[in-house]
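Asker: One structure, pasted below without further comment.
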Amino acid sequence: MSSQTVARRYASALADVTLQRGEAREVQQELVAWADMMLAHASLREVFANPTIALDQKRGVLKRLIEIARPRPTTVNFLRLLLQNQRLPELDQINSRFAAVLDDRAGMIAAQVTTARPIAPETQQTLQTKLRNMTGKSVRIEFATDSDMIGGLVTRIGSTIYDGSVRNQLAQIKEKMAG
């Protein structure tokens, strides 16, 4: 079974539980913190990913981390389930899918907008309104800058990319002139 399928199944099941309990965003924040911690500590990733380390030892490590961090019971149960099923190393991918499931169920989509320079809050608001009108859904936008861009912007919504960068426009002009 592919890791994307696994992530989708775990994320969907977790969304069912957390939405029913009214703690979806809180659990999401805690799991992001756990994934960040694992990404920041290679030795921790190695412990949970290494099949030669006994499950009881991994449980001990997880138990100690839970005692220190004190996450809510739903988060603890989910982390234990992932450990039991040897999926804890995939937490980052599961988190990404979990965020997408929560957004989808809330009628929201995520978009990434990249510009050459930071854009004014008024322009951000205008862009958000245009994307909401275009998609018919609420839009959560993550803004980023790329100094290699000459100007314009690139918007990514899911797997769709709207490239309004000056670089892309110049490439289109070059292509039209060449052929």
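Per-residue answers, yes or no, for (1) surrounded by fewer than 16 Cβ atoms within 10 Å (Cβ to Cβ); (2) among the polar types (S, T, N, Q):
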position	(1), (2)
Lys58	no, no
Leu81	yes, no
Gln84	yes, yes
Pro89	no, no
Gln93	no, yes
Met134	yes, no
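Asker: Sticking with this one: It is to be established whether one or more residues within the range 169-179 are touching a residue at least 40 places away in the same chain (Cβ under 8 Å) and over 13 Å from Ile119 (Cβ atoms).
Answerer: Looking through the range 169-179, none of the residues is touching a residue at least 40 places away in the same chain (Cβ under 8 Å) and over 13 Å from Ile119 (Cβ atoms).
Asker: Against the definition (closer than 29 Å to Ala106 by Cβ and either modelled with pLDDT of 95 or more or not hydrophobic (A, V, I, L, M, F, W, C) (or both)), how does Gln84 come out, yes or no?
Answerer: no
Asker: Right, here's the next one. Would it be correct to say that Val154 is surrounded by 13 or more Cβ atoms within 10 Å (Cβ to Cβ) and in contact with a helix residue (DSSP H, G or I) (Cβ under 7 Å, 6 or more places away or on another chain)?
Answerer: When the stated conditions are applied, Val154 does not pass them.
Asker: Among the residues of the range 35-45, write down those that are out of contact with any helix residue (DSSP H, G or I) (no Cβ under 6 Å at 6 or more places or on another chain) and either of a type in the set (A, V, I, L, M) or surrounded by 12 or more Cβ atoms within 10 Å (Cβ to Cβ) (or both).
Answerer: The answer is Asp36, Met37, Leu39, Ala40, Ala42.
Asker: So for the range 79-97 (the condition being hydrophobic (A, V, I, L, M, F, W, C), outside the structural domain of Gly151 (by TED's automatic domain parsing) and within 21 Å of Glu142 (Cβ to Cβ)), does at least one residue qualify?
Answerer: Checking the range 79-97: at least one residue is hydrophobic (A, V, I, L, M, F, W, C), outside the structural domain of Gly151 (by TED's automatic domain parsing) and within 21 Å of Glu142 (Cβ to Cβ).
Asker: Sticking with this structure for a sec: Residue check, Ala15 against (1) under 21 Å from Ala69 (Cβ atoms); (2) crowded, with 16+ Cβ neighbours inside 10 Å; (3) at pLDDT 95 or above, all met but one. Which one?
Answerer: For Ala15, the exception is condition (1).
The values are calculated or read from the model by the stated rules, or taken from the named source; none is laboratory data. Computed from a predicted structure; not experimentally measured. Cβ sites come from the backbone with ideal geometry, for glycine too, and all protein chains shown count toward neighbours.
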